[in-house]
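Colleague: I am attaching a structure below and will ask some questions about it afterwards.
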Amino acid sequence: MTDQPPSSTPPSGSGEPGPSDPTQSQPGPAGLPPGGEPGVPPAGPPPGWDPAPGAWGAGGPPPGADPAQGAWGAGGPPPGADPAQGAWGAGGPPPQGWVFPPTGGYPPGAGPYGGQQWHPGPPVGWYPPGYGFDPNDPLVTPPGAGIGGWFNRCGEALRRGWRQLVPIMLLTQVLPAAVLSVISLGLDPSASWAAEVETSSTAALPDNFVAELAGLLAVLVGGSLVIGLVQAVGWAAGSWVITRQAVGQAAGLDSALRYGLRRALGLWGWTLLISLLIGIGICFCVLPGIYLAFALSMAGPVYLFERHNPIGRSFRMFHDRLGLLLGRVALVALAVIVVSFVASAIEGAGTAAFGTDPFASAGTAVGAVVVIGVTAVLALPAHLAQMIGLLLTYTEQRAHEAPVNTAGLAAELG
């Protein structure tokens, strides 16, 4: 304390204003100019910069700058800057995308303008080759497409390939079934049994009943085995045609049959095993057989495309997506049952008109053969529905497991 009045001369010091001087701007954080904020470029031009384009002021360019390059130094423009924009003058905005300090990308909350993309690439909705969820894939129903997408692809497969599929089904499904029906009708001993029972006075089995029944069963079982092999040729050939045409490749009838012959033996073997399992299941109160028929419905396509463990893979598909697969296979089974029932009813009524023994005369034999042939052709839609429906159900199941497309499936099929 002193009783002397304050001096009119300010004390000597650094010459800088005090912190309470309202006429002076507050200094920023350490290392920043007055009024500076972190992440914000300093206002105005850099030191020594002349607002005239491409010119430095009297102080010359800053250290490291190349006058021949304009405002940027020898290192070129900072990251994100466009050299075509040059540097910005006094009060001008920085180039688009420039941030301080450089971060290598857009700051949080910033991004391209509407309609632009973060990264260069194909437009939205375009699916590169190999991507499995193309909504326009002709063979694979993507997840979420529903029953409508499945129906549409089934119809498109039939529309593309009916010229090849119809002959294949006629040769490998319709004709063998008709031949077996004619043979079984000719060997059917029921007419002779009925006549013998009418003339016999005792309630006993007809003579040679066991031998004739065993012979008929042997013919039916043996014929079914042979027909199964021929049908396997048709299944493999038809699957090849549908898949090849879906990727826009040629699929001739002769090439399809050659492929079917090459794959038929293995497919036939698995089909026999599956039929045996279903038959055993039917013996246990029918329901186990129905369950096995649905659970093993994907075994054929699995063998053709994946070539290993068709029974295990089919069971897994069935239990992983029970509702989806059960619904698709039920629709296929309904179509097959309805068409087959109508054809069988017409065949039974037609052959009954020629008597219990239509092969007793040439005229009735010809009539019975014609009826069997016509009704076998009427069952053609059932064969087409079964093959196309199960194949498209399999491709849909594959799409639910992992990305897959028609080109990849065609490569797997061979």
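The values are calculated or read from the model by the stated rules, or taken from the named source; none is laboratory data. All of these numbers come straight from a predicted model, not from anything done at the bench. No Cβ is skipped: glycine too gets one built from the backbone with ideal geometry, and neighbour counts run over all protein chains shown.
Colleague: Which of the residues spanning the stretch 308-325 are outside any helix (DSSP H, G or I) and in contact (Cβ under 8 Å) with a residue 24 or more places away in the chain?
Modeller: Once the filter is applied, which keeps residues that are outside any helix (DSSP H, G or I) and in contact (Cβ under 8 Å) with a residue 24 or more places away in the chain, the stretch 308-325 yields only ARG321.
Colleague: Let me ask you something else. Within the stretch 179-191, which residues are surrounded by 16 or more Cβ atoms within 10 Å (Cβ to Cβ) and assigned to a helix (DSSP H, G or I)?
Modeller: Those that are surrounded by 16 or more Cβ atoms within 10 Å (Cβ to Cβ) and assigned to a helix (DSSP H, G or I): VAL179, LEU180, SER181, VAL182, LEU185.
Colleague: Based on what the data block shows, is LEU334 free of Cβ contacts under 8 Å to residues at least 12 places away in the same chain, under 28 Å from the mean Cα position of the chain (by Cα) and within 30 Å of LEU296 (Cα to Cα)?
Modeller: The answer is yes for LEU334.
Colleague: It is to be established whether one or more residues within the stretch 263-279 are farther than 22 Å from SER181 by Cα and touching a Ser or Thr at 6+ places or on another chain (Cβ under 7 Å).
Modeller: no
Colleague: Quick check on the stretch 222-269: of everything there that is touching a residue at least 60 places away in the same chain (Cβ under 8 Å) and not in a helix (DSSP H, G or I), which residue is farthest from GLN164 (Cα to Cα)?
Modeller: VAL247
Colleague: What number of residues within the stretch 209-221 satisfy the criterion of being surrounded by 12 or more Cβ atoms within 10 Å (Cβ to Cβ) and either without any contact (Cβ under 8 Å) to a residue 12 or more places away in the chain or under 48 Å from the mean Cα position of the chain (by Cα) (or both)?
Modeller: 3
Colleague: I would also like to ask the following. Name the residues in the stretch 275-291 that are aromatic (Phe, Trp, Tyr) and either closer than 18 Å to LEU334 by Cα or touching a Leu at 6+ places or on another chain (Cβ under 6 Å) (or both), would you?
Modeller: Across the stretch 275-291, the qualifying residue is only TYR291.
Colleague: Can GLU198 be described as over 48 Å from the mean Cα position of the chain (by Cα), surrounded by 16 or more Cβ atoms within 10 Å (Cβ to Cβ) and of a type in the set (Asp, Glu)?
Modeller: When the stated conditions are applied, GLU198 does not pass them.
Colleague: Another question, if that's okay. Please identify the pairs in which a residue from the stretch 162-190 that is closer than 18 Å to PHE354 by Cβ has its Cβ atom under 8 Å from the Cβ atom of a residue that is among the aromatic types (Phe, Trp, Tyr) and assigned to a helix (DSSP H, G or I), counting only partners at least 6 apart or on another chain.
Modeller: So the pair list comes out as LEU185/PHE359; GLY186/PHE359.
Colleague: Identify the residue in the stretch 341-356 that is touching a residue at least 40 places away in the same chain (Cβ under 8 Å) and crowded, with 18+ Cβ neighbours inside 10 Å and, among all such residues, is farthest from GLY186 (Cα to Cα).
Modeller: This residue is GLU347.
Colleague: Run down LEU380, LEU413, LEU392 and say which single residue is buried (at least 22 other Cβ atoms within 10 Å of the Cβ), hydrophobic (A, V, I, L, M, F, W, C), out of contact with any strand residue (DSSP E or B) (no Cβ under 6 Å at 6 or more places or on another chain) and touching a residue at least 60 places away in the same chain (Cβ under 8 Å).
Modeller: From the options LEU380, LEU413, LEU392, the qualifying one is LEU392.
Yes/no matrix, rows are residues, columns are (1) farther than 28 Å from GLY148 by Cβ; (2) in a helix (DSSP H, G or I); (3) at pLDDT 95 or above; (4) small (Gly, Ala, Ser):
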position: ALA330; (1), (2), (3), (4): no, yes, yes, yes
position: GLY350; (1), (2), (3), (4): yes, yes, no, yes
position: PHE359; (1), (2), (3), (4): yes, yes, no, no
position: VAL371; (1), (2), (3), (4): yes, yes, yes, no
position: VAL377; (1), (2), (3), (4): yes, yes, yes, no
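Colleague: Go through ILE388, ILE372 for me and flag whichever is farther than 23 Å from VAL302 by Cα, of a type in the set (Val, Ile, Thr) and touching a helix residue (DSSP H, G or I) at 6+ places or on another chain (Cβ under 7 Å).
Modeller: ILE372
Colleague: Same structure, new question: Which condition number does GLY289 fail, the rest of (1) free of Cβ contacts under 8 Å to residues at least 60 places away in the same chain; (2) closer than 18 Å to TYR394 by Cβ being met?
Modeller: Checking GLY289 against (1) free of Cβ contacts under 8 Å to residues at least 60 places away in the same chain; (2) closer than 18 Å to TYR394 by Cβ, the one that fails is (2).
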